[in-house]
1. Grab the DSSP H runs of the chain that are 4 residues or longer, score each as -39,500 (n - 2.57), total them, divide by all residues and round the 222 nm result to the nearest 500 deg cm²/dmol.
2. With respect to the cross-link table entries K61/K210; K23/K57; K72/K189; K61/K123; K72/K183, which display a Cα-Cα separation exceeding 27 Å?
3. By its C-alpha gyration tensor, with a ≥ b ≥ c as the square roots of the eigenvalues, how is the chain shaped: rounded for a/c under 1.5, else prolate for a/b larger than b/c, else oblate?
4. Cα gyration tensor of the range 72-121, axes a ≥ b ≥ c as square roots of the eigenvalues: rounded (a/c below 1.5), prolate (a/b > b/c) or oblate?
5. State, as an integer percentage, the relative contact order of the chain based on alpha-carbon contacts under 8 Å between residues 6 or more apart.
6. Fewest first, what order do R97, R196, R9 take by the number of other Cβ atoms within 10 Å?
7. I want the antiparallel fraction of DSSP beta bridges within the chain, as a percent rounded to 5.
8. Could you give me the percent of Cα pairs per 10 Å distance bin for the range 55-180, shortest bin first, beginning at zero and ending with the bin that holds the maximum distance?
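Quick note: the coordinates plus some simple rules give every number you see, no bench work behind them. Quantities reported herein were computed from a predicted structural model and do not represent experimental measurements. Neighbour counts run over all protein chains shown; Cβ positions are idealised from the backbone, glycine included.
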Amino acid sequence: MKEKQNKQRNYSEADLILLFGLKRLVGNQAHPLMSEWLDCSAKLNDAEHYLFNLIWKDAQKKIDGWHEEDLKMKFICFVLLLGHLEDNGQYNTYFERTVQATVEGHFLKTKTDFMVAKGVLDKPQQPYFHFQEWKKHRDPHGDPVGQLIEAFLCAQVLNDNGKPLYGCTITGKYWEFFVMQEKTYCISKSYDCTERDDLLQIIAVLRQFKQILETRLLE
């Protein structure tokens with residue numbers, strides 16, 4: 001019997017693994033797409049170095065006390081800028097958008113904090129990258145990984161092209177990157193954005209995704 005289409009529930013990561021038979025991998029070398037994605041570096045110009053040092057030093061001093069909106073407006077938006085994730089003629093960036101789809105008879109619906117997608121004006125149509133942010137390092141009422149995997153499952157149905165999906169979660173000061181291909185997803189090691197080398201690598205990984213998007217994912 002099909003699940004009612006208007007019924008929504010919050011799924012944890014474990015719920016989704018069990019419900020859809022997903023395979024979970026962990027580590028930068030655990031999946032070829034992950035190791036390829038993270039094998040990168042970034043060079044900053046003088047203006048980018050100035051901005052980088054400002055947000056890095058600010059995060060070192062203040063990130064533990066920032067509320068969700070502080071984290072977004074004072075830090076994350078500048079990391080995205082340094083990562084070169086901006087609107088392009090072939091895709092757009094979207095904030096606080098809901099994605100939904102019926103996956104194997106189950107209705108899934110979740111909100112993404114940031115998305116890179118092909119779309120028309122304010123309407124995303126084909127998602128490529130999902131970004132989930134969760135302020136607290138531990139929160140019994142939230143599961144950013146579950147939300148991200150749910151968004152991936154919806155995107156697989158919406159895109160219907162068999163191509164891999166990319167994403168990221170932020171939990172406090174820790175960033176983790178994700179790749180999902182078919183029913184297998186891989187989680188990178190955690191990067192601490194208050195560590196200079198880790199923050200520079202986060203920026204490099206975001207720039208590398210843009211290269212992957214423009215050379216392999218766009219149709």
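1. One gets -10500 deg cm²/dmol as the mean residue ellipticity at 222 nm.
2. Working: K61/K210 30 Å; K23/K57 38 Å; K72/K189 22 Å; K61/K123 37 Å; K72/K183 31 Å.
Result: K61/K210; K23/K57; K61/K123; K72/K183 exceed 27 Å.
3. It is prolate, given that a/c is not under 1.5 and a/b is the larger ratio.
4. Here the range 72-121 falls in the oblate category.
5. Working: 370 pairs, mean separation 58.7, N = 219.
So the answer I get is 27 percent.
6. R9, R196, R97
7. Details: 32 of 42 bridges.
Antiparallel bridges make up about 75 percent of those DSSP assigns within the chain.
8. Calculated P(r), rounded to whole percents: 12, 43, 33, 11, 1.
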